[in-house]
Structure formats: C-alpha cells, structure tokens
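Laboratory data are not the source of any read-out in this text; all were calculated from the coordinates shown. All figures in this text were calculated on a predicted structure; none of them were measured in a lab. Glycine also receives a Cβ, built like all others from the backbone with ideal geometry; neighbour counts cover every protein chain displayed.
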Amino acid sequence: MRRSRDARLAQGDSVRAPPATRALRAIAIVALLAWSLGPVAVGVVTSISSQTDVQTVPARWLPDHATLDAYRALIAGASTSLGSTASDSSAFGQSMLSSVEVTLEATVASVAVSLIAGYAFSRLRFRGSKALFWAILATLVIPVFTLVVALFRTMAQLHLINTQLGLVLVYLTTQAPLAIWLFYNYCRDLPVEPEEAALIDGCTRWRAFRKVVLPQMRSGIAAVTAIVMLLSYGQFLIPLLLGSSPSTTPVTVLITDFVGKYTTNYPLLAAGGVIALLPPAIVAILLNRHIRGMLSGSVG
Amino acid sequence: MARPALKERARARLGFGPLGPAAGASRPTLAREEAWLGWWLVIPAAALILALVIYPMVVGFNTSLHAEAPTLGAPSKFVGFRNYSDVIKDPATHSAVVHTVFYVAIALALEIIAGLGAAVALHRPFRGRGLVLAVLILPWALPSVVSGVLWRRILASDNGLLNSVLLQLHLIHTPQVWLASGWAIPLITLVHVWGVLPLIVLILIAGLQGIPDEVYSASAVDGANQARQFWHITLPLLRPALAVAITIGLVDAITIFDEIYVLNGTGLNTASVVVQIYNTVFVDADFAHGIAFAFLVAAATALCAVVATLASRRATV
C-alpha cells in the first residue's frame, strides 16, 4: 500500500531513525548531489577558463581570470588561440537550431499519435486490439542500432537520408511504442466515471475523449512530452548515420565532430557542452515532478 | 429513456458491466462505433511502426541472409546463415563481446549498489527532497554525448582533473593516459552509469514506497535491527522493482555506444558490440555482416531481458 506523504511525515522517520542513521543519510545525499552536479560544474568552470588555466598541472579548479572567450568563439566565431572558429560557429548555431526544431516536431507528432493510440488501447474495445498492442510493445525491445542499420537502406530508397523530415519520422516512430505504453498505463489508472457521465449525457466516444478524457490526462501528457523530448534531443546514433548533412546535423553529432577537431581545446568543447545541455536541463527541471511521477509510476 | 437505462447503456459501451436487457438492441451500433473509432486512433501509430520498424527489419533480415554484393546493385547470392557464423567466428567479435561483458558487469554492479543506497537515502520525506530529486534527474536528462564531453576534462591524459587529484594524493607518480589503459572500460562505464543511475534510483524509490510501513514496525517489535530488516524485508519485497531496474540497466549497458564513441572513438581497445557493428557497417561498408551481427546482439539482449524477468518472477512466487 502506498502511504500518503503526510502519514509518513507524522509517523515520522525522525521518531524512528537514530542520529547515526540520519547523519549517514545526510552524507549520502550530499555525495549524490556532488556526483550529479560535479561533472556539470566541471563543464561550466572549464568553459569559462582559458587554455593556460586548463593546461596547468596540478589542475586549477577555478580559472585565474574567468573569460567568456570560448562562448564568443562558439557563438560569434571569434578567433581563439587555436585559430578561427568562424565556420564552425555558424555550424554550431545551425545544429542547435536543427536539434531543437527536429526535437519539437518529432515530439509533437509522437505525442499526438501515441496519445490517441494509448487511449484507444486502454478504453476502446475492438477486434485485434490486444494483439496489436502487444505487437507494438514488442518493438520496444528492438535495440535502436538493429533498426538504424536496417533503416539506412529504406531511408535511402525514400530519399530521406540527410533530411529533417527523415529524422522526424524516425524519432517519432521509435519513440511511439514507449509513449503508447506510458499513455496506456496512465489512461488505465484514471477514473472512468467522467467519461461514463459524458456518454450518458449523449456524447459520442470521440467527443467524450476530447472534452473529458483529454483534460484528465493533462499531467500525463506533460510527462510524456518531456520524456519524448529528452529522448529525441539526446539521439546520437540515428542522426550520426541518417542525418549528418550540414542542415540536419543535430548538436549531439556536431559536438563529437568538434571533439575530433578541437581535441585539447577543453574550454571550447565545454562551452559547446554547456550550451547543448541547456534545453534538456530546462525541460528536466521545469517538468521534473511530472517526469518522476511517470517514470516511477510506470514501474509499480 | 429513464436514467438508469442510459447509465447501463453507457457502461455497456465502455465495457464495464453486463448489458441490461434494455441495452441489447442498441449494442451492435455502439460496439461498431467503438471499434471504428478504435481502429482510426491506432492506425497512424501502427502504420508508422509497420513502415519504419517492421519493414526495415524484414528487409534487413533478408540482407543478412545474402552475401554482400561485390558492387552496388549487383545480385547477391543467398548464403543462409553463413554471415551469422562468420560474425560468430570473427576474433574482433570475441573481443567486442568480452568488452561488453565488462561494461555490463561493472555498470550493473555500480547501478544496483549505488542505486539501492541512493533510494534508501531518498525515499522518505525530508526538507528539500523535491529539489534534491530534481537535481538528481539531471544526468539522465542530458544527451549521453554531452555527458561524455563534460567528463572529457576529468579523464584527460596529461592535465586531466583525475590525474591531478591522484598526483596530488601521491596515488600515482606520472599522469596516466586513462583511455588507453586498462582503466578505459571501467571509466567509460562510470560515465555511462552517471547517465543511467537516476532512472534506476527512481525505479527503486517507487519500489521502496510500495513496501508498507507496518512490515517494518512489526519486525522492529520482534527485535530486528536495521541491517537485518534490509536483508530480510526490504530486499525480498523490492525484488520486482529490482528486476525492472536490472533489466533496464542490462539493456542500456549491452547497447552502450555514445559514451565510447565520444570518449575514445571507435578504438579497438574499448569497442563494444555496437561499436563493432558500427565499424562493420560504416567503416567496412559490409551491411550483410553488420546486420547479421546486429540481429545476434538483439537476440542476445532480448534473451537476457527475458531471463532477468523470469528469474525475478520465479523468485517472487
């Protein structure tokens, strides 16, 4: 049985847990925060360091003179100690844009398609629905690389290699089974009475779905949107193989190009990493409650 | 029509209750409306999956049964499962499999041990818990390629932070080239675990919250201490959540690629099975063997996932 938060508070850990346990827990929490934020902090500090700061041994944890040179090089194409980045900076801007664009398009489409399918599988009765549902879920276990190698030829035949549309279609489809499963679970756990009431009042199924069930699913939609968005934005192998022309390269792929090209220019690479992590970090922080609820709820 | 009858009809429509005699007449049309709508709502998803998942898989499987055509477009000979046996016999496959076993073992050990510790520390309420959980989820939210970039300076060879710290602590005497050493695989796994751990922790927290407090109070009365409670109550009751966590961790680790690619490229000393597939297909341009390899790994992954799930189920029953 799941107990309410208040009941837990009232019954209280503080009553039961001896001081040693509480201290141990506090240490664990601090360690976890350090572990989670450490690499991000290193990235931020590195991005505002100069090459000399980064190359001193033993390492300087903080730069002598904080500088935004790396960001300037990356965004405005200013020249760095290792040469000009003019063409790469425009490529970087372009790739951020195309990452965000493809992610948003794929997310909207994937959520729309999966939402109606998840609802239909959980609430509507039609012949073959069970079999189809399990067939779709079974595709969840197909690892993405199996697919991407096989997809490469199909996409080439359809002239969708190196197009944004191609990436959107592939993301949308590969995320759909997970999204359908999450929506199915979510819809199944919602109370059915409002939909029943709407039907009693003479609504059609479709209208009842739009006017009654859809508003009930708001939090679930927010969660699945965030999850699909994060997964789409983080795609690497698929765009590496299917979309690496200048107009479609997402930032994840471009950053690995930079790693090869600016191997030891840590400030520049870190600045790229910091900019690239902003969109997912913002989504994760704004919607973290929904995401957590959905991820842990889908387990129980 | 009277209200109860309508209610009955609605329940019948939704499939929640037995049909009353009054609703019998209208059932076929309502059921047809429902089936009609149901199909329309699932067709877009089903069509996309058929076109972009099932169809390429079938074409890919067919490719894997033929010899790689010497020139593009030339007819290729049916060779049955010979590509598969070629892959199985290839020494490069063996080393990739061994590497992958290491990735998986290290990742799972770290994820389950650290995940259990973190979940136990975080599952009860405390001030600021929401904030801590929001921060904790961050590594999972970031693209694994970006995680790799963030970790690069830590793992760098001459002036990396790990080298600096260990030198200052006199644990090493010269800077190590970590990613060319025996530490390459454990360290890349660490970066991988950084991104996966939040999901594992969330799953285990959900599992812990499903354990009723009464069980603990009862055993406390019986004089069980916390360590005994953990072994004899928490772990057995957590088994379903652990099974999910292990399955997710397992599949994620078997298919590790991004972190390796960004930290060490396709270097053979750290190549996992997916890196090896990448090399086969996109460096050697050998689709037939690459797809055969991919299917073998997919089958092995599915098998591992099924075994993990079944093992946990049998243990709980």
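Comparing A:R127, A:R22, A:R60 in a Gaussian network model of chain A, where Cα atoms under 10 Å apart are tied by springs, the biggest mean-square fluctuation is seen for A:R22. Rounded to 0.05, the FRET efficiency of the A:R153 and A:H65 pair, given R0 = 35 Å and the Cβ-Cβ distance, is 0.10. Springs join every pair of Cα atoms under 10 Å in this Gaussian network model of chain A, and among A:M229, A:M96, A:M155 the largest mean-square fluctuation is at A:M155.
Annotation: aspartates and glutamates with alpha-carbon distance below 14 angstrom to A:K211 (same-chain offsets under eight excluded): A:E193, A:E195, A:E196, A:D201.
Take the alpha carbon gyration tensor of the protein assembly as shown, find the square roots of its eigenvalues, order them as a ≥ b ≥ c, and report rounded if a/c is under 1.5; if not, report prolate when a/b exceeds b/c, else oblate. Oblate, since a/c reaches 1.5 and b/c is not below a/b. Per residue of peptide A:219-229, the mean number of Cβ atoms on other chains within 10 Å of the residue Cβ is 0. If you take the square roots of the eigenvalues of the alpha-carbon gyration tensor of the stretch A:90-297 and sort them as a ≥ b ≥ c, do you get rounded (a/c under 1.5), prolate (a/b over b/c) or oblate? Since a/c reaches 1.5 and a/b is larger than b/c, the shape of the stretch A:90-297 is classed as prolate.
Between the amide H of B:H66 and those of B:V79, distances stay under 5 Å, these residues lying 5 or more places away or on another chain, with hydrogens modeled in the peptide plane.
Roughly how tilted is helix A:129-138, in degrees to the nearest 10 and between 0 and 90, from the longest Cα axis of chain A? The two axes meet at around 20 degrees. Please report, ordered by residue number, every helix of chain B (full DSSP H runs) that is 30 Å or longer along its axis going by C-alpha atoms and whose mean Kyte-Doolittle hydropathy reaches 0.5. Passing helices, by number: B:27-49, B:91-122, B:184-209, B:287-316.
Roughly how big is chain A's charge dipole about its Cα centre, with Cβ charges of +1 (Lys, Arg) and -1 (Asp, Glu), in debye to the nearest 20?
The dipole magnitude comes to about 1240 debye.
Under a 10 Å cutoff between Cα atoms, tell me which one of B:I113, B:I260, B:I248 has the largest fluctuation in the Gaussian network model of chain B. Top of the fluctuation ranking is B:I113.
Neighbouring Cβ atoms from other chains, within 10 Å of the Cβ of residues in A:187-199, number 2 on average. Listed peptides B:90-99, B:125-134, B:217-226, A:137-146 appear in the order A:137-146, B:90-99, B:125-134, B:217-226 once ranked by packing, highest mean of other Cβ atoms within 10 Å at the front.
Which aspartates and glutamates, if any, have their Cα less than 18 Å from the Cα of B:K89, not counting same-chain residues under 8 positions apart? Cα-Cα hits under 18 Å: B:E68, B:D284, B:D286. Compute the angle between helix A:288-297 and the longest alpha-carbon principal axis of chain A, please, reported from 0 to 90 degrees and rounded to the nearest 10. Its long axis makes an angle of about 50 degrees. Rounded, prolate or oblate: which fits chain B, taking a ≥ b ≥ c as square roots of the Cα gyration tensor eigenvalues, rounded meaning a/c under 1.5, else prolate when a/b beats b/c? It is oblate, given that a/c is not under 1.5 and a/b is not larger than b/c. Rounded to the nearest 0.05, the FRET efficiency derived from the C-beta distance between B:H173 and A:A34 at R0 = 41 Å is 0.90. With contacts taken as Cα pairs under 8 Å and at least 6 residues apart, chain B reaches a relative contact order of 23 percent.
Shielding value for A:211-217 is 0, the average number of Cβ atoms from other chains within 10 Å of each residue's Cβ.
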